[in-house]
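What follows is a set of notes on a single structure, which appears directly below.
Quick note: the coordinates plus some simple rules give every number you see, no bench work behind them. What you see is a predicted model, and the numbers here were worked out from it, not measured in a lab. Cβ placement follows ideal geometry from the backbone for every residue including glycine, while neighbour counts extend to all protein chains displayed.
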Amino acid sequence: MDIAEQLKLIEAKITGYLKEGKKIFTSSSFQTHSIPLLHILVNIDSDIPVYFLNTGYHFPETILFRDRIAAQLGLRLIDLKPETPKSMQKGSDGKFLFTSDPDHCCYINKTRPMDKILMEHDVWINGVRADQSDVRKNMQEEMPAPHNTTRYHPMLPWTSKMIYEYRKRYDLPEHPLDAMGYMSIGCEPCTRRFDPEMQEREVRWYGLKKTECGLHTDLITNKN
Ligand code: SF4
């Protein structure tokens with residue numbers, strides 16, 4: 001299916017949700033590959049809230065890029081911060097949790113804040129793609145999420161080539177760290193540059209079994 005057909009399907013789905021009176025939102029990590037979805041959504045309805053999980057551990061370049069994109073596209077951007085202060089995010093060794101228990105660190109900084117947002121909405125538009133990892137390959141277009149919400153994954157069938165073509169067509173900028181060899185960019189302590197031997201997701205939590213932060217594993221109620 002080509003990009004034009006995909007766009008028609010996404011627009012039909014979102015206008016359908018809106019006609020049904022559903023409260024929808026999206027979230028974005030503001031990586032280069034996130035920008036097409038934001039561009040698509042803002043062209044359908046610029047009022048859709050865009051949540052950014054501001055863990056406090058992001059690269060400064062990500063924050064600057066986020067603000068630039070929000071201004072350029074006219075996004076309704078909402079910064080989502082964890083309730084737990086950084087001083088309380090340390091293990092028994094006094095070091096930050098991402099050094100000893102990254103799952104719990106992700107839970108405090110990502111999963112729990114997003115869970116609260118789910119309570120206030122009906123549909124979470126989420127930009128995961130099947131070609132990003134084995135976990136994502138097994139996802140469906142719509143999936144049930146906590147609090148009787150629905151996850152809608154409009155980009156699931158999109159390939160990295162389609163993302164590139166869409167970005168070029170609309171002259172959408174790339175994250176400044178891409179040019180420095182970063183491929184999947186999350187929190188600074190848990191991100192490393194791409195090595196040709198790796199899968200895209202392996203640049204996160206390198207050396208650990210962890211490949212997902214919990215947003216795409218814990219915030220799904222029926223994983224089958
Ligand atoms: S990606 Fe790393 S620093 Fe960010 S919340 Fe997860 S464990 Fe913590």
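Overview of values
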item: Highest-fluctuation residue, L172, L118, L156 considered, GNM on the chain with Cα pairs under 10 Å; result: L172
item: Theoretical gain in end-to-end length, A179 to T99 [0.36 nm per residue, Cα-Cα removed]; result: 26.1 nm
item: Taking E5, E212 and counting other C-beta atoms within 10 Å, the order from fewest to most; result: E5, E212
item: Listed residues D103, D131, D79, most fluctuating in the chain (Gaussian network, C-alpha, under 10 Å); result: D79
item: Top of K81, K137, K95 by mean-square fluctuation, Gaussian network on the chain, Cα under 10 Å; result: K95
item: Mean projection area, nm², convex hull over Cα of the chain; result: 12.4
item: Per-residue [θ]222 nm for the chain (sum of -39500 (n - 2.57) over DSSP H runs n ≥ 4, rounded to 500); result: -9000 deg cm²/dmol
